[in-house]
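The values are calculated or read from the model by the stated rules, or taken from the named source; none is laboratory data. Remember, it's a predicted structure, so these values are computed and weren't measured experimentally. All Cβ positions, glycine included, derive from the backbone under ideal geometry; neighbour counts span all protein chains shown.
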Amino acid sequence: MRAQFVLSEIWIGLRRNLTMTVAVITTVAISLALFGAGMLINQQVSAMRGYWDERISITIYLCTESSPSKHCIENGPATDEDRNSLQADLKAMPEVASVEYVDQAAAWEDFQNRFSNRQALVEATQEGDIPDNFRVQLADPSKYERVQQSVQDRPGVDMVSNDKDVLDRFFELFDGLKWAALIVAVVQLAAAALLIGNTIRLSAYSRRRETGIMRLVGASNFYIQLPFLLEGAICGLIGGVIASGFIVATRFFLLDKIQDWFYSGVELSTGALLSVIGMSVILGVLLCTIASFLTLRRYLRV
Amino acid sequence: MIQFENVTKVYPTQKRPALNGVSVDVDKGEFVFLVGPSGSGKSTFLRLILKEEKPTKGRVHVAGKDLARLSNWKVPHLRRRIGCVFQDFRLLPNKNVFENVAFALEVIGKPRRFIRKVVPEVVELVGLEGKGDRMPDELSGGEQQRVAIARAFVNRPQILLADEPTGNIDPATSIGIMKVLDRINRTGTTVVMATHDAAIVDSMRKRVIELEDGEVIRDQSRGVYGQAY
């Protein structure tokens, strides 16, 4: 009911410690932005993982005349018989969804298409350099190892390459990015909590006369602490709002870039973005309020 | 109204007790002087009434409540029934007279209409009519103490505690302050006043409790300050 009174107390408190308030808001904003970015990267990467897991295929390259590997040199190039039995066996495997044979001409064409923007590479290669191969689509991508092992040592098989190995390397990079962001965020959040503690302590000290009188005339603890708690909460809220801006920027600049690299049509939904923003803001407000509360318990004896 | 039963208070950092086996009974509507040299335990006595301190031994009852059984979150409600006045006034320098008095009601959540009604009444009761808009630094010491009394009394407490209220005020002005306290006492409020001021104690002829080294050495109705000082 005395909202006006409480609000004016908060305003006075925030203005009196303006430099500290700015420091707190900045720290909170940075830490929440990093936290949010970490969460977004996490969601994006797991979405892309899911996307690629469904589409991942194994490519089994067959031996040709020019294959340099030891296995191929010992057994010679793949014969029609090798190829047919391999195809039949692959089709019989329950883990395999479909098998497609790509002959050297088709492989060469595919190669030209993929690297059309690197003319030098295309020119340095000729038909026959890309061995004929089987594209194997898996029913369950997690079972790729079993398929890989069963065909690895067959005559005529040069090597088995899995898209997953390549993608995993990139995903590891993003995981690293995510953890770096989250770790810095945690450190920053800890710093923010300490800063808030200090700000509230200053605030409590500069208002000790008022709080002393409030205590004396029998104001309830809640009423005495409320302006300080709200002061912390407002710092957290403003920091959170600023951080939301950074989070939105992360979504539209960084994540869209990542998607371009991966040609994956997995865009994070607005809902996911909003939930990350919501979590960051709530985290900021909670952290600041709790830090204020703990500080008050030490410095504002009621 | 206030009962001390064999109360001993030892502060953690001190060996000598601040109060030692004090038993005192103050009835409703009484006016009591608490006298004694510095360090005799007067302030401790007052702080125990407010439950700012807990007794090491013994019991304190205030307004029918055993303070040892009063949970911490109920302490504010106890304090709403006790007004407090200090030697250093403790006014808020950035608020005028009305606002200083109103502050005491605002922070316990009284409605604005009620505050607008009672604050001018109390300001008038302490003899500051027409000065409600003044800031504390525009007032004399005596007037500032009247503001502090108005603030202590505005919530109509059952008990008024005054810790050396005339300590910073010249003798002539002190008489005015005592008249205000006497007026408040006549409304039925119990007043406990700790003081060094022999002239005031002698002129009022009220009950005198004398403390020395934490013990009650004299409890006399219609008493004087005593020869020793």
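Here is a list: A:Val24, A:Val6, A:Val45. Which entry is within 14 Å of chain B (Cβ to nearest Cβ) and surrounded by 13 or more Cβ atoms within 10 Å (Cβ to Cβ)? If you could, list the steps in order and put the result at the bottom.
Details: A:Val24 fails: within 14 Å of chain B (Cβ to nearest Cβ); A:Val45 fails: within 14 Å of chain B (Cβ to nearest Cβ).
Checking each option against the conditions leaves just A:Val6.
Considering only the range A:121-146, state which residues are surrounded by fewer than 15 Cβ atoms within 10 Å (Cβ to Cβ), within 24 Å of A:Asp168 (Cα to Cα) and over 26 Å from the mean Cα position of the chain (by Cα). First the steps, then the outcome.
Within the range A:121-146, the subset surrounded by fewer than 15 Cβ atoms within 10 Å (Cβ to Cβ) is A:121, A:123-129, A:139-140, A:142-143, A:145-146.
Among the residues that remain, those that are also within 24 Å of A:Asp168 (Cα to Cα) are: A:139-140, A:142-143, A:145-146.
A:Ala139, A:Glu145, A:Arg146, listed by residue number.
Residue under question is B:Phe114, and the condition is that it be modelled with pLDDT of 90 or more, on the phi < 0 side of the Ramachandran plot, within 12 Å of chain A (Cβ to nearest Cβ) and surrounded by fewer than 19 Cβ atoms within 10 Å (Cβ to Cβ); does it hold? Working first, answer last.
Values: modelled with pLDDT of 90 or more: yes; on the phi < 0 side of the Ramachandran plot: yes; within 12 Å of chain A (Cβ to nearest Cβ): yes; surrounded by fewer than 19 Cβ atoms within 10 Å (Cβ to Cβ): yes.
In short, yes.
Given the residues A:Val285, A:Val248, which is the only one that is touching a residue at least 40 places away in the same chain (Cβ under 8 Å), of a type in the set (Val, Ile, Thr) and either in contact with a strand residue (DSSP E or B) (Cβ under 9 Å, 6 or more places away or on another chain) or surrounded by 14 or more Cβ atoms within 10 Å (Cβ to Cβ) (or both)?
Numbers: A:Val248 fails: touching a residue at least 40 places away in the same chain (Cβ under 8 Å).
Within the list A:Val285, A:Val248, the selection yields A:Val285.
Given the criterion within 14 Å of chain B (Cβ to nearest Cβ), in a helix (DSSP H, G or I), touching a residue at least 24 places away in the same chain (Cβ under 8 Å) and in contact with a helix residue (DSSP H, G or I) (Cβ under 8 Å, 6 or more places away or on another chain), identify the matching residue among A:Thr211, A:Thr199. Walk me through how you get there before you give the answer.
Details: A:Thr199 fails: within 14 Å of chain B (Cβ to nearest Cβ).
Unique residue meeting the criteria: A:Thr211.
Assess whether A:Leu182 counts as being among the aliphatic types (A, V, I, L, M), away from every other protein chain (no Cβ under 14 Å), part of a helix (DSSP H, G or I) and free of Cβ contacts under 8 Å to residues at least 12 places away in the same chain.
no
From the list A:Val160, A:Val184, pick out the single residue that is surrounded by 14 or more Cβ atoms within 10 Å (Cβ to Cβ) and at pLDDT 85 or above.
On the way: A:Val160 fails: at pLDDT 85 or above.
Answer to the selection: A:Val184.
Which condition breaks for B:Trp73 when tested against (1) touching a residue at least 40 places away in the same chain (Cβ under 8 Å); (2) among the hydrophobic types (A, V, I, L, M, F, W, C); (3) not in a loop (DSSP other than H, G, I, E, B)?
Result: B:Trp73 fails condition (1) only.
If you scan the range B:52-86, which residues turn out to be within 11 Å of chain A (Cβ to nearest Cβ) and touching a strand residue (DSSP E or B) at 6+ places or on another chain (Cβ under 9 Å)?
Of the residues in the range B:52-86, the ones within 11 Å of chain A (Cβ to nearest Cβ) are B:52, B:72-86.
Answer for the range B:52-86, where residues must be within 11 Å of chain A (Cβ to nearest Cβ) and touching a strand residue (DSSP E or B) at 6+ places or on another chain (Cβ under 9 Å): B:Lys74, B:Leu78, B:Arg81, B:Ile82, B:Gly83, B:Cys84, B:Val85, B:Phe86.
If you scan the range B:1-48, which residues turn out to be of a type in the set (Asp, Glu) and either closer than 23 Å to B:Arg186 by Cα or buried (at least 23 other Cβ atoms within 10 Å of the Cβ) (or both)?
First, the residues of the range B:1-48 that are of a type in the set (Asp, Glu): B:5, B:25, B:27, B:30.
Answer for the range B:1-48, where residues must be of a type in the set (Asp, Glu) and either closer than 23 Å to B:Arg186 by Cα or buried (at least 23 other Cβ atoms within 10 Å of the Cβ) (or both): B:Asp25, B:Asp27, B:Glu30.
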